[in-house]
1. Among L97, L109, L121, L86, which is under 20 Å from L13 (Cα atoms), surrounded by 14 or more Cβ atoms within 10 Å (Cβ to Cβ) and not β-branched (V, I, T)?
2. Can you pull out the residues in the stretch 3-20 that are aliphatic (A, V, I, L, M), part of a strand (DSSP E or B) and closer than 14 Å to V99 by Cα?
3. Quick one: F23 ticks every box in (1) assigned to a helix (DSSP H, G or I); (2) hydrophobic (A, V, I, L, M, F, W, C); (3) in contact with a Gly (Cβ under 7 Å, 6 or more places away or on another chain) bar one, so which box is it?
4. Given the residues Q73, Q49, which is the only one that is surrounded by 19 or more Cβ atoms within 10 Å (Cβ to Cβ) and either of a type outside the set (V, I, T) or out of contact with any helix residue (DSSP H, G or I) (no Cβ under 7 Å at 6 or more places or on another chain) (or both)?
5. If V15 meets every condition in (1) touching a Gly at 6+ places or on another chain (Cβ under 7 Å); (2) within 29 Å of P107 (Cβ to Cβ) apart from one, which number is that one?
6. What are the residues in the stretch 136-159 that are over 14 Å from the mean Cα position of the chain (by Cα) and either part of a strand (DSSP E or B) or of a type in the set (S, T, N, Q) (or both), if any?
7. Quick one: R194 ticks every box in (1) farther than 18 Å from P268 by Cβ; (2) buried (at least 18 other Cβ atoms within 10 Å of the Cβ); (3) in contact with a Leu (Cβ under 9 Å, 6 or more places away or on another chain) bar one, so which box is it?
8. For the stretch 13-46, how many residues are over 15 Å from the mean Cα position of the chain (by Cα) and of a type in the set (A, V, I, L, M)?
Amino acid sequence: MLKLAHLPARAVLSVSGEDRIVFLQGLVSNDVALAGPGRAVWAALLTPQGKYLADFFIFADADRLLLDCEREQAPMLTTKLSRFRLRSKVVVAETGLAVSVAWDGTPALPPDAIAAPDPRLAAAGLRILSAEPLQSEANAAEYDRHRLLLGLPDGTRDCEPDKTVLLEAGFDELAGISWTKGCYMGQELTARTRYRGLLKRRLVPVTSDAALPPPGTVLLHEGREVGVMRSSADGLGLAVLRLDHLHGTLDFEGRTLQARVPDWMQLPEKPGQPDAPA
């Protein structure tokens, strides 16, 4: 049955001007030029040191690019992107557009809507930008459970600014990185992490028969710290775990949980070893 939900925690920024594609291309992890009618691009903005700062979905609309981002990060992104303009002919501004998602079916959309499949996974559904929130058959909490079942990260709820490395959060498998488009801010660490096989931890789905603990809760295995809890809803969640502790029972506050590695996630045969070539 079709599910449609408005996401009030999301906002939409506009990047307009004749240099908009070249401008963003040098800043974000994915190929901005791939955004087009019916196709969105998922990308991250990194610190100069290669650590996560923000992520967003990029839509192309006539003479502007639209960034579907976290509402709480919108002012920061507007300010930071504007500072990077230098001599580029671009203007960054908030738009007031609403973000909705649809899954398990395709809804009828208003004429002004801009929509594209979620570029991370087909099962995630459709992302929709519109002037007004769409009438919903579901709500943001239902969508949260849907994306947790799929193991998809949700911005700063799951990725820690100035700390997370993109490959830890699945950006490679989930089509959030271009390895061919050329340089962007923070690219060196991202590439080095991939080609030298430096990953020691991953953001993975976890489940429990009990309500999961809040973000930041330390997770243990036989009394040893092996991970940290991130976002959750009921008994579904995501946690950053050491690769050598993805199997077996984990403990938190006298209760237990299990890691659940989704089909899309590629793990090295041995922790700390390079993944197979793409």
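The values are calculated or read from the model by the stated rules, or taken from the named source; none is laboratory data. None of these values were measured; they are calculated from a predicted model. Reconstructed Cβ throughout: ideal geometry from the backbone, glycine too, with neighbour counts over all protein chains shown.
1. None of the other options fit; the residue is L97.
2. Across the stretch 3-20, the qualifying residues are L4, A5, A11, V12, L13.
3. Failing condition for F23: (3).
4. On the way: Q49 fails: surrounded by 19 or more Cβ atoms within 10 Å (Cβ to Cβ).
After ruling out the rest, the residue left standing is Q73.
5. Result: V15 passes all but (1).
6. If the condition is that a residue be over 14 Å from the mean Cα position of the chain (by Cα) and either part of a strand (DSSP E or B) or of a type in the set (S, T, N, Q) (or both), then S136, N139 are the ones that fit.
7. Every condition holds for R194 apart from (1).
8. 10
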